[in-house]
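Peer 1: I'd like to ask some things about the structure below.
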């Protein structure tokens with residue numbers, strides 16, 4: 001699938017994607033903190049050599065005993081990915097981590113996302129949470145598939161979807177994309193236009209909070225710098241009563257990368273730095289009781305990292 005375009009991928013995603021939250025991650029508890037997944041879409045979306053262009057051609061076959069059919073579809077040989085938010089509830093706050101693709105967005109270069117109509121808010125409601133209940137929206141980085149539900153279309157304008165929330169962006173990340181956005185011509189919108197329709201309206205509404213990349217969100221929940229996928233990319237540590245979780249966003253996209261943590265995606269701004277960050281993070285949690293949650297691992301999403309010889313693997317909680 002080398003050189004595969006989004007037009008090629010659209011039929012696979014539209015036909016094989018699942019967006020009804022019928023397959024859910026089990027609720028994860030870290031002390032008195034509850035973490036759930038809010039699904040937008042899931043399916044066999046990317047070919048290995050599209051997502052991981054430096055991967056050896058035999059990576060799937062060499063790891064078929066644990067990658068297929070759970071994380072890669074044997075028929076299409078596409079990697080199965082999920083696009084979801086993580087809903088983190090503490091005694092004090094309801095936090096939404098990453099905001100997926102969103103509905104009604106102009107994304108002509110991404111046909112599966114163009115004028116999409118995902119049942120995301122219905123899936124959020126299944127967890128007993130509505131848009132007004134969100135206290136904090138936290139984006140690990142500002143790619144288009146992590147900011148989309150920051151806003152919704154109302155009377156022809158993009159307005160904050162979560163009207164009572166503070167939208168927390170790492171200052172380093174925001175300022176990088178702000179500078180990039182000012183530098184591109186209007187006919188070439190940055191990140192498919194997502195900075196203009198899903199980030200700036202939040203800032204203009206006075207809902208954005210720019211923070212250092214080691215900012216504490218709540219007791220036992222704090223950010224940690226994890227550059228490489230983007231310059232200001234962050235991960236989130238959660239610790240309570242001796243239990244731990246690490247929410248890594250796009251620091252790792254697919255369990256296939258556990259076979260070789262040096263493999264970065266085509267979407268990483270600095271593939272070398274991304275690999276260094278990924279190796280550091282995974283080495284830190286391997287063979288521990290720390291729960292790992294990513295932005296794109298398919299159902300059930302949460303697991304623990306184990307060692308498999310010289311590489312790593314992923315086991316459900």
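Peer 1: Among the residues of the range 204-222 satisfying the criterion of being within 20 Å of the chain's Cα centre (by Cα) and in contact (Cβ under 8 Å) with a residue 60 or more places away in the chain, which is surrounded by the most Cβ atoms within 10 Å (Cβ to Cβ)?
Peer 2: Ranking the qualifying residues of the range 204-222, first place goes to 221.
Peer 1: Here is a follow-up. Residues in the range 147-180 that are touching a helix residue (DSSP H, G or I) at 6+ places or on another chain (Cβ under 7 Å) and either free of Cβ contacts under 8 Å to residues at least 24 places away in the same chain or not in a helix (DSSP H, G or I) (or both): how many?
Peer 2: Residues meeting the conditions: 11.
Peer 1: Could you check, for the range 134-145, whether at least one of its residues is in a helix (DSSP H, G or I), under 30 Å from residue 219 (Cα atoms) and modelled with pLDDT of 95 or more?
Peer 2: Residues of the range 134-145 that are in a helix (DSSP H, G or I), as a first pass: 144-145.
Right, trim to under 30 Å from residue 219 (Cα atoms) and you get 144-145.
Pick out the ones that are also modelled with pLDDT of 95 or more and you get 144-145.
Yes; the residues of the range 134-145 include at least one that is in a helix (DSSP H, G or I), under 30 Å from residue 219 (Cα atoms) and modelled with pLDDT of 95 or more.
Peer 1: Within the range 281-297, is there a residue that is more than 15 Å from the chain's Cα centre (by Cα) and assigned to a strand (DSSP E or B)?
Peer 2: Filtering the range 281-297 down to residues more than 15 Å from the chain's Cα centre (by Cα) leaves 281-291.
Add one more test, that the residue is assigned to a strand (DSSP E or B), and what stays is 291.
Within the range 281-297, one or more residues are more than 15 Å from the chain's Cα centre (by Cα) and assigned to a strand (DSSP E or B).
Peer 1: Do any residues in the range 261-284 that are farther than 19 Å from residue 146 by Cα have Cβ atoms under 6 Å from those of residues that are in a helix (DSSP H, G or I) and modelled with pLDDT of 95 or more, where the two are at least six apart or on different chains, and which pairs are they?
Peer 2: 261/278; 261/279; 261/282; 262/275; 263/257
Peer 1: Here's something else I'd like to know. Any chance the range 47-59 includes a residue that's touching a strand residue (DSSP E or B) at 6+ places or on another chain (Cβ under 6 Å), without any contact (Cβ under 8 Å) to a residue 60 or more places away in the chain, assigned to a strand (DSSP E or B) and more than 26 Å from residue 126 (Cβ to Cβ)?
Peer 2: yes
Peer 1: Determine which single condition residue 293 fails, assuming it passes every other condition in (1) at pLDDT 95 or above; (2) buried (at least 24 other Cβ atoms within 10 Å of the Cβ); (3) more than 20 Å from residue 222 (Cα to Cα).
Peer 2: Result: residue 293 fails condition (3) only.
Peer 1: State which residue is surrounded by the most Cβ atoms within 10 Å (Cβ to Cβ) when the search covers only the range 124-136 and only residues that are under 22 Å from residue 81 (Cβ atoms) and in contact with a strand residue (DSSP E or B) (Cβ under 6 Å, 6 or more places away or on another chain).
Peer 2: Filtering first and then ranking leaves 124.
Peer 1: For the range 113-123, what are the residues that are in a helix (DSSP H, G or I) and in contact with a strand residue (DSSP E or B) (Cβ under 7 Å, 6 or more places away or on another chain)?
Peer 2: Correct list: 120, 123.
Peer 1: Something else about it: Here are some conditions: (1) under 24 Å from residue 216 (Cβ atoms); (2) without any contact (Cβ under 8 Å) to a residue 40 or more places away in the chain. Residue 85 meets all but one. Which one does it not meet?
Peer 2: (2)
Peer 1: Here's another thing I want to ask about it. Quick check on residue 263: is it under 17 Å from residue 34 (Cα atoms) and touching a helix residue (DSSP H, G or I) at 6+ places or on another chain (Cβ under 8 Å)? Before the answer, list the steps.
Peer 2: Numbers: under 17 Å from residue 34 (Cα atoms): no; touching a helix residue (DSSP H, G or I) at 6+ places or on another chain (Cβ under 8 Å): yes.
Spelling it out, it is not the case that residue 263 is under 17 Å from residue 34 (Cα atoms) and touching a helix residue (DSSP H, G or I) at 6+ places or on another chain (Cβ under 8 Å).
Peer 1: Which residues, counting only those in the range 298-317, are part of a strand (DSSP E or B) and without any contact (Cβ under 8 Å) to a residue 24 or more places away in the chain?
Peer 2: Passing the criteria: 303, 304, 306, 307, 315, 316.
Peer 1: Given the residues 59, 51, which is the only one that is in contact with a helix residue (DSSP H, G or I) (Cβ under 6 Å, 6 or more places away or on another chain), at pLDDT 95 or above, surrounded by 15 or more Cβ atoms within 10 Å (Cβ to Cβ) and more than 24 Å from residue 237 (Cβ to Cβ)? First the steps, then the outcome.
Peer 2: Details: 51 fails: in contact with a helix residue (DSSP H, G or I) (Cβ under 6 Å, 6 or more places away or on another chain).
Exactly one residue qualifies, and that residue is 59.
Peer 1: Within the range 236-246, identify whether any single residue is part of a helix (DSSP H, G or I) and either at pLDDT 95 or above or surrounded by fewer than 21 Cβ atoms within 10 Å (Cβ to Cβ) (or both), and answer yes or no. Reasoning before the result, please.
Peer 2: Taking the range 236-246 and keeping what is part of a helix (DSSP H, G or I), we get none.
Within the range 236-246, not a single residue is part of a helix (DSSP H, G or I) and either at pLDDT 95 or above or surrounded by fewer than 21 Cβ atoms within 10 Å (Cβ to Cβ) (or both).
The values are calculated or read from the model by the stated rules, or taken from the named source; none is laboratory data. On a predicted model such as this, the values are computed, not experimentally measured, just so you know. Neighbour counts run over all protein chains shown; Cβ positions are idealised from the backbone, glycine included.
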